[in-house]
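First the structure, in the form of structure tokens, and then the observations on it.
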Amino acid sequence: MTDSTICNIVVLISGSGSNLQAIMDDLTDLTSAHICAVVSNRADAYGLIRAQQAGVAQHVLNHKDFADRLAFDNALMQVIDQYQPNLVVLAGFMRILTPEFTRHYAQRLLNIHPSLLPKHKGLDTHQRAIDAGDAEHGCSVHFVTEELDGGPVVIQAALPIQPNDNAERLAQRVHALEHHIYPLAVRWFAEGRLRLNEQGAQLDGQPLASSGFQFQL
Ligand code: NHR
Ligand code: GAR
């Protein structure tokens, strides 16, 4: 993004939308970014109400209404492209995307994943971190590629796992960290500071380490 352009953003959700809320709250004072729309694959996602309350357009596309993943993703791309987004943000979006989709938004698609990538890709990450006996756990923002949870990491935040932790308590503490790092990553992208190119993810023209920027509270 150059100084004179506004970064148009579309956010995809499936659930509560607390990351969406954190991003909307953080970007209110940023003139270089605009959240155009929120799209959910579930009609009952609470994040749709958050969008409505913030005056952001909402769309629901139920994946069950489509014959296969590609038909769903094609419809999703049509909805998203109405807004000509510079950035598409997955915020608790729970459907695996086809290579057609990830290629279409290459270099402008971010996700937040609740683990210290490359550890614990996929689902049920908090329980898996406990079961593995990990000393720490956390969350990562990454550029999305066709490799599930495998794209270049932008930023990570870690916390210690307590001896008496359960998945629910751990998830709550990780969530609080997510609400710090996701708005920061989106802000960096909107300000033109964060990019993905052939060399990988770059912040302020410098390559990021493979585990991304390490955020400290
Ligand atoms: N798509 C691609 N191609 N690459 C990524 O890195 C993606 C992606 C789609 C979503 C988010 C991801 C996460 O952060 C994400 C990253 C859903 C599943 C999943 O198994 C896995 C990872 C992620 C999101 N979804 C099931 C499915 O069949 C449905 C599960 C459900 O509905 O509860 O799509 O963890
Ligand atoms: C977040 O913890 C996010 O990391 C996770 O879902 C939660 C969504 O919360 N994402 C995934 O598990 C993706 N598979 P939110 O709707 O309140 O932002």
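Bear in mind these aren't lab numbers, they're just calculated from the coordinates by the rules spelled out. The model shown is predicted, which means the values in this text are computed figures rather than measured ones. When we count neighbours, we look across all protein chains shown, and the Cβ atoms used for this are built from the backbone with ideal geometry, even at glycine.
Under the Kirkwood approximation for Rh and a Cα-based Rg, what ratio Rg/Rh is obtained for the chain? Provide the component values of the computation, followed by the final result.
Numbers: Rg = 16.6 Å, Rh = 17.5 Å.
My calculation puts Rg/Rh at 0.95.
Hydrophobic long helices, here whole DSSP H runs in the chain with Kyte-Doolittle means of at least -0.5 and Cα atoms spread over 30 Å or more along the helix axis, are found at 167-190. Summarising the label geometry, the points placed 7 Å from Cα in the beta-carbon direction at Gln53 and Leu70 lie 4.1 nm from one another. Each listed q (0.21, 0.35 Å⁻¹) maps to a log10 I(q)/I(0) for segment 1-41 from the Debye sum over equal C-alpha point scatterers, namely -0.68, -1.23. Per-residue packing, averaged as other Cβ atoms within 10 Å, sorts the ranges 142-152, 128-138, 159-169 into the order 142-152, 128-138, 159-169, beginning with the highest. Centre-to-centre separation between the Cα atoms of segment 99-137 and those of segment 154-208: 11 Å.
Across segment 192-199, coupling constants 3J(HN,Hα) worked out from phi with the 6.51/-1.76/1.60 Karplus curve, θ = phi - 60°, read x, 8, 10, 9, 10, 9, 4, 7 Hz, and Gly and Pro carry x.
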